[in-house]
Amino acid sequence: MQLAQRLNRITESQTIRMTKLGRELKAKGIDVIDLSIGEPDFDTPAPIKEAAKKALDEGYTHYPPVPGYPELRKAIAEKLKKENHWEVSPEQIVVSNGAKQAIANVMLSLLDPGDEVIIPTPYWVSYADITKLAEGTPVFIHCGFEQQYKLRPEQLEKAITAKTKAIIYSSPSNPTGALYSKEELAALAEVLRHHPQVFIISDEIYEYINYVGKHESITQFQDLIPRIIVINGFSKGFAMTGWRLGYSVSPLPIAKACDTIQGQFTSGANAFAQRGALFALESNRDACQHMVNAFRERRDFLVKALQSIPGLRFHVPEGAFYLFPEVKSYFGKSDGQQVIQNADDLAMYLLNNAYVSTVTGSAFGEPDCIRLSYANSLDKLQQAVERIQKALKALH
Ligand code: PMP
Ligand code: GLU
């Protein structure tokens, strides 16, 4: 069958593929521990669920306004003012089916064929493919272990061309857990100041999952605000992945473009889910804090446990819930049956031999690493480490 050319430009999301493979093994009765997909193992807090149930009874069963209910957009604007010291009008906010769609809306709004999008690597798996779907050209900048996988200003300066339309990055970072400090952001802002055609897409979906206690955002550099787009959502901080709710905050013309695109693609995000999200935003952050405390405990456990496994090199994550060890010391080794050539092989080896699902670093543009999500119980993490240790020991 002749499918559209655009399918040749993209691949299946590797996070989703590994989760699928793990679930297939589980369906065969194998006890797989899932450290692949990045989603909190916690259930959505009960009061948020109650608010959505109540909304169903109240008749929130019709098409919502395309960019989201005014009350929700207003509550997001209030959150931004209170927590991020950023004043925006609700019209600049478009609520979408997950942060993923918010990113797609923005890319489709900004990019013409051949426009370049700077993507520091390692990057979140979908940035490159969404850019390509929007007919843009990803321009990768390699940010290695020695620089904590973070972009340096001189690298950014070098990568910007007349065709550069945007840069996209996440802080806290998926997959590395790195955070940009205020000083690091200031240095990047200084470069961007000299390139007024470049939009800055700051993905802040892990804002609350931060172990240093303070979220730093590029939005603090006020002069850049006219070209900053922030992506955020409810999946991570409120454990609402399945609700599929995220949002973009952009300059008004971009928000209007996202609204138009969304009006043709989905007609907006689920009505009663939005009422749950409104409740979540208007509540205190106690449930978020409880989850973050648990993630911190798990991070500390996993860091210590992996430090005792030879041949792994990693930075202690400061945010999100991923650990991103370099595993290249295992390349070329074999368990007597197969040779591990690369991180893809190692992730498959761990899945099929240790029954632990992880994600290959190549999905994030860093082929020397694998990603482990520690959004799982301490008990499961303990078992996973034992299995990984045993499987890696068998490689010679
Ligand atoms: N950005 C990053 C950095 C992510 O890790 C994810 C995955 N949750 C998303 C965006 C998309 O999130 P959502 O579930 O809201 O679509
Ligand atoms: N963002 C999560 C991850 O990186 C969920 C999967 C996805 O949306 O691709 O694993």
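The values are calculated or read from the model by the stated rules, or taken from the named source; none is laboratory data. Quantities reported herein were computed from a predicted structural model and do not represent experimental measurements. Please note: Cβ atoms are built from the backbone with ideal geometry, for glycine as well, and neighbour counts cover all protein chains shown. For the accessible areas, the whole protein counts, side chains as well, though only heavy atoms, and no ligand, DNA or RNA atoms are used. Shrake-Rupley method; radii C 1.70, N 1.55, O 1.52, S 1.80 Å.
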Determine the gain in length on full extension of the stretch Glu87-Gln382; use 0.36 nm per residue of separation and subtract their C-alpha separation, reporting nm with one decimal. 101.8 nm
Rounded to the nearest 20 debye, dipole of the chain from Cβ charges on Lys, Arg, Asp, Glu: 500
Probe 1.4 Å, all protein chains in place: accessible area of Asp41 in Å², nearest 10? 70
I'd like the distance separating the alpha-carbon centroids of the stretch 326-396 and the stretch 195-252, in whole Å. 31
Could you give the nm distance between label points at Gln2 and Asp129, where each point is 7 Å from its Cα heading toward the beta carbon? 2.5
Loop GluC sites (Glu not before Pro), the stretch 1-98, which have at most 16 other Cβ atoms in a 10 Å radius of their Cβ (DSSP): Glu12, Glu58, Glu87
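Within 10 Å, at most 12 other Cβ atoms, and a DSSP state outside H, G, I, E, B define an exposed site. Report the longest part of the chain free of exposed trypsin sites (Lys or Arg not before Pro).
Longest run free of exposed loop sites: 29-213.
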Excluding Asn105 itself, what net charge comes from residues whose Cβ is under 12 Å from its Cβ, given Lys and Arg +1 and Asp and Glu -1? +1
Determine the calculated [θ] at 222 nm for the chain from helices alone, applying -39500 (n - 2.57) to every DSSP H run no shorter than 4 residues and normalising by the residue count; nearest 500 deg cm²/dmol. -12000 deg cm²/dmol
Under 20 Å by backbone N from the virtual spin label 7 Å along Cα-to-Cβ at Lys256, the residues of the stretch 219-237 are 225-230
Enter the accessible area of Leu111 (Å², nearest 10), with the probe set to 1.4 Å and all protein chains included. 10
Just list whichever of Lys74/Lys100; Lys132/Lys256; Lys100/Lys236; Lys26/Lys100 have alpha carbons separated by over 18 Å in the model shown. Lys74/Lys100; Lys132/Lys256; Lys26/Lys100
